[in-house]
């Protein structure tokens, strides 16, 4: 199925690793022009070698002023994937101010800021657009030691709905994808303990974790005009976890 992404300009945050990197590769393969945002220059350098023509932007999205400066002149963007995120896991009684500040700065506030920059540009051009926020099944289910992470993703789901409500009249669609554990290198490392993995897998009707391409396929569909009547949705990519 041709998703009609060729020639469109996309911005992807958290582009250095995992879901973000695979999304950049898929968009590049589909003929989109991609701006890749990461805080790690080495990851961007290797990504540009793999995908010639990708425009790298190195910035820590947790820094509002630096982000404003880095993205203010990025130029016209049609599609946005807010993928950058951090997961700082602590028992509730040990949650620190630093973990709260960092998590909300990156997982929520940066989504607001980057989306504002892109949406203002779309509105000024009178152009339609699509935004996809990478959320999590943890937005809707409690997970031990994930109190701050779950909270940021719950807030991200509601932000997605409000953005869809306010940006819809400008023909800008906003959706979220909500994956289960994804077998990125980080996911493999965090869920390598068979006992820990079994407790989660037992709650997933399909009995397996997600592969990166499962999430990327959902993202590309929501970016494309194939989903032109879908906005304000949170799309599970979870093997049925949220159905149980």
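The values are calculated or read from the model by the stated rules, or taken from the named source; none is laboratory data. Bear in mind that the values here come from a model prediction, so they are computed numbers and not experimental data. Ideal geometry is used to build each Cβ from the backbone, glycine not excepted, and the neighbour counts take in all protein chains shown.
Tabulated data
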quantity: Criterion (part of a helix (DSSP H, G or I), under 17 Å from residue 214 (Cα atoms) and either modelled with pLDDT of 95 or more or in contact with a helix residue (DSSP H, G or I) (Cβ under 8 Å, 6 or more places away or on another chain) (or both)) met by exactly one of 27, 3, 47; calculated: 27
quantity: Any hit, segment 152-166, residues being in contact with a strand residue (DSSP E or B) (Cβ under 9 Å, 6 or more places away or on another chain) and part of a strand (DSSP E or B); calculated: no
quantity: Those residues of segment 195-204 which are out of contact with any helix residue (DSSP H, G or I) (no Cβ under 7 Å at 6 or more places or on another chain) and part of a loop (DSSP other than H, G, I, E, B), in sequence order; calculated: 202
quantity: Among (1) in contact with a strand residue (DSSP E or B) (Cβ under 7 Å, 6 or more places away or on another chain); (2) more than 18 Å from residue 107 (Cβ to Cβ); (3) surrounded by fewer than 17 Cβ atoms within 10 Å (Cβ to Cβ), the one test that residue 46 misses; calculated: (1)
quantity: So residue 98, is it over 21 Å from residue 175 (Cβ atoms) and exposed (fewer than 13 other Cβ atoms within 10 Å of the Cβ); calculated: yes
quantity: Residues of segment 118-149 that turn out to be touching a strand residue (DSSP E or B) at 6+ places or on another chain (Cβ under 9 Å) and part of a helix (DSSP H, G or I), as a count; calculated: 10
quantity: Subset of segment 128-142 [surrounded by fewer than 24 Cβ atoms within 10 Å (Cβ to Cβ) and either in contact (Cβ under 8 Å) with a residue 60 or more places away in the chain or out of contact with any helix residue (DSSP H, G or I) (no Cβ under 8 Å at 6 or more places or on another chain) (or both)]; calculated: 139, 140, 141
quantity: Residues (outside any loop (DSSP other than H, G, I, E, B) and either out of contact with any helix residue (DSSP H, G or I) (no Cβ under 9 Å at 6 or more places or on another chain) or surrounded by 18 or more Cβ atoms within 10 Å (Cβ to Cβ) (or both)) located in segment 59-94; calculated: 65, 66, 67, 69, 70, 71, 79, 80, 81, 82, 93, 94
quantity: Qualifying positions in segment 30-44 - part of a loop (DSSP other than H, G, I, E, B) and more than 18 Å from residue 72 (Cα to Cα); calculated: 30, 31, 32, 40
quantity: Residue list for segment 191-216, restricted to those being within 22 Å of residue 156 (Cβ to Cβ), in contact (Cβ under 8 Å) with a residue 40 or more places away in the chain and within 14 Å of the chain's Cα centre (by Cα); calculated: 212, 215, 216
quantity: In segment 12-31, the residues that are under 14 Å from residue 220 (Cα atoms), surrounded by fewer than 24 Cβ atoms within 10 Å (Cβ to Cβ) and touching a residue at least 40 places away in the same chain (Cβ under 8 Å); calculated: 22, 26, 30
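Residue-wise test of (1) surrounded by fewer than 19 Cβ atoms within 10 Å (Cβ to Cβ); (2) under 30 Å from residue 9 (Cα atoms).
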residue	(1), (2)
182	no, yes
207	yes, no
218	no, yes
229	yes, yes
241	no, no
